[in-house]
Structures are given as structure tokens and as C-alpha cells.
Amino acid sequence: MTQSVPRHHHQSTTASAPLAPIAVAPSPQTLALLETRRSLPLRALVEPGPDSAELDRMLGIAARVPDHGRLVPWRFIVIEGEARAAAGDRLDALYAAQNPGLAPEKAHMWRDYLLRAPVTVIVVSRTDPAAKIPELNQVLSAGAAAMNLVIAASAMGFSALWLLKWPGRDPDAAALLGVAAGEQVAGFLHIGRPAAKAEDRPRPQLDQIVTRWRPAP
């Protein structure tokens, strides 16, 4: 039988009896995925994309992230199927209006952008300024949801690319895609089957990014 620990803010660290560790089986497959996961370029994300059940499972996993205060400070907008071209056409019209004299070869750039991957999920950060939880914590929770989605897609045999281009940075473009006032786009996550093997890139050495605190002498 596992031990249940009540979750209360500012709970005392003292207890009548110490808790005993629970045996948890390690997951080598999870570790291998985390150690080797690599993003592919958008052109390498191809059909078939996740079906409805697969995508729902990914999104359910994306929602299982730290969320101090249980505010759910994020949500997801899915662009798939014929909606990709329709959304792209509207973005192209807005982009052309914002950029007079746009080169003809760029007239359909956002339609082409959304058509490349089978599915695009917009991760939306929706912080509550009135909450006791700092807004930074809420934004970081949205980032964690995005990363969970990337990992879930990889674990299910897909590949996901996290980008944030003009449609996510421009308020009018974001609003056109359903982002409400007061919300921000954390990222566009493009999902498809991998059509190439990702080459790893140099990673920082741990001694460059890790310090261990010690009391001053």
C-alpha cells in the first residue's frame, strides 16, 4: 500500500514519524528518450500526423505539469486538416496588410508554413495577475506544458518542433488564431512523423552550467 501525503501550503517539515521511500521502478526507455531527443526541421515533419485519440493523449500528458495554485495557466489551440490552409490564408492577408510592397514569392508564406506539419498546437499562456502565485511561475508552467507535449509526441513515434514566429509574436495575428486579450503564445508546436534522422548538436558540459552551493568560509 502506498502512502498518501496531504498537500497543504506551508506544511510543517516536522512529523511524528519519518516517511519511508516507496519503491519506484526505473524507466530506461524514458531516460534514453530524454537523452537522445532532438528537434527536426519543419520540412522533415510529414504525414500521417497523430489521429484524434493520439493527439488527445499527447495533450493530456502536456497538461500534467507543475501548476502551483492549480490555476491551469495555459490552454491549447489545435490547427489541423483543412483549417491549416484557412488559417494560413488569413495570416497571409494580415501580413500583406502590415507589409506593403511584400515580395510576390512571400504572398503565401504563412499558408505554406502551416501546411508543412500535419498538426500544429499553439500553447497559450494565460496568467492570472490577481493570483497569489507569481506570474513568472504561471508562465513557466505553460513552458512545461509545451515541453511535455514535445516529449509525449516523441514517445509516441512522432516528432515535434517548438517555434515562435511572427504569428505568435504579433498580437493581431495571435488574435486571428483565437488567442484572447491578456493571453500570450508560448509556442507553436508542429507535430508529424519524422522523415529524417536528427543530428545531435554540441551540448554544454555540466561544469559549465552546474554549480553546487557551499557556505562561504
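Bear in mind these aren't lab numbers, they're just calculated from the coordinates by the rules spelled out. Here the structure is a predicted model, which is why all the values come from computation and not from measurement. In this analysis, Cβ positions are derived from the backbone assuming ideal geometry, glycine residues included, and neighbour counts consider all displayed protein chains.
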Inset, instruction - Convert each backbone phi in the range 77-89 into a coupling constant with the Karplus relation 6.51 cos²θ - 1.76 cosθ + 1.60 (shift: θ = phi - 60°), then list the ³J(HN,Hα) values in order as whole Hz, x for Gly and Pro. - result: 10, 9, 10, 8, x, 5, 5, 4, 5, 4, 5, x, 4
Legend entry - Label point 7 Å beyond Cα of Ile77 along Cβ direction - residues of the range 178-204 with amide nitrogen under 13 Å: 178-189
Legend entry - Of [x] 18.5; [y] 16.3; [z] 13.1, the label for mean projected area of the Cα convex hull in nm² derived from the coordinates: [x]
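Fewest Cβ neighbours within 10 Å first, please rank Arg64, Arg84 accordingly. Present the calculation step by step, with values, prior to reporting the outcome.
Values: Arg64 11, Arg84 19.
Least to most surrounded, the residues fall as Arg64, Arg84.
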Inset, instruction - Based on the mean of other Cβ atoms within 10 Å per residue, sort peptides 31-39, 202-210 so the most packed one is first. - result: 31-39, 202-210
Inset, instruction - Could you tell me the distance between the Cα centroids of the range 25-103 and the range 165-217, to the nearest Å? - result: 12 Å
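With a 10 Å Cβ neighbour count serving as the proxy for reagent exposure, in which order, fewest first, do Ile77, Ile122, Ile22, Ile191 appear?
Details: Ile77 16, Ile122 23, Ile22 8, Ile191 27.
Lowest to highest Cβ neighbour count: Ile22, Ile77, Ile122, Ile191.
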Inset, instruction - Please find the FRET efficiency linking Leu115 to Arg214, where r is the Cβ-Cβ separation and R0 is fixed at 45 Å, and quote it to the nearest 0.05. - result: 0.25
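What is the fewest-to-most order of Asp172, Asp67 by other Cβ atoms lying within 10 Å of their Cβ? Don't skip to the end; give the middle numbers.
Numbers: Asp172 12, Asp67 18.
So the ranking, lowest neighbour count to highest, is Asp172, Asp67.
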Inset, instruction - Positive end of the charge dipole of the range 170-217 (Lys, Arg +1 and Asp, Glu -1 on Cβ, about the Cα centre): tell me which of Gly192, Ala216, Ala175 has its Cα farthest that way. - result: Ala216
Legend entry - Principal axis dimensions, largest first and in whole angstrom, of the range 105-145 by Cα: 48, 20, 11
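Excluding Trp74 itself, what net charge comes from residues whose Cβ is under 9 Å from its Cβ, given Lys and Arg +1 and Asp and Glu -1?
Details: positive: Arg75, Arg126; negative: Asp67.
That works out to +1.
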Legend entry - Amide H contacts of Leu164 (H built 1.01 Å from N, under 5 Å, at least 5 apart or other chain): Phe188
Inset, instruction - Assuming R0 = 35 Å, can you tell me the calculated FRET efficiency for the pair Ala63 and Glu105, based on Cβ-Cβ distance, to the nearest 0.05? - result: 0.30
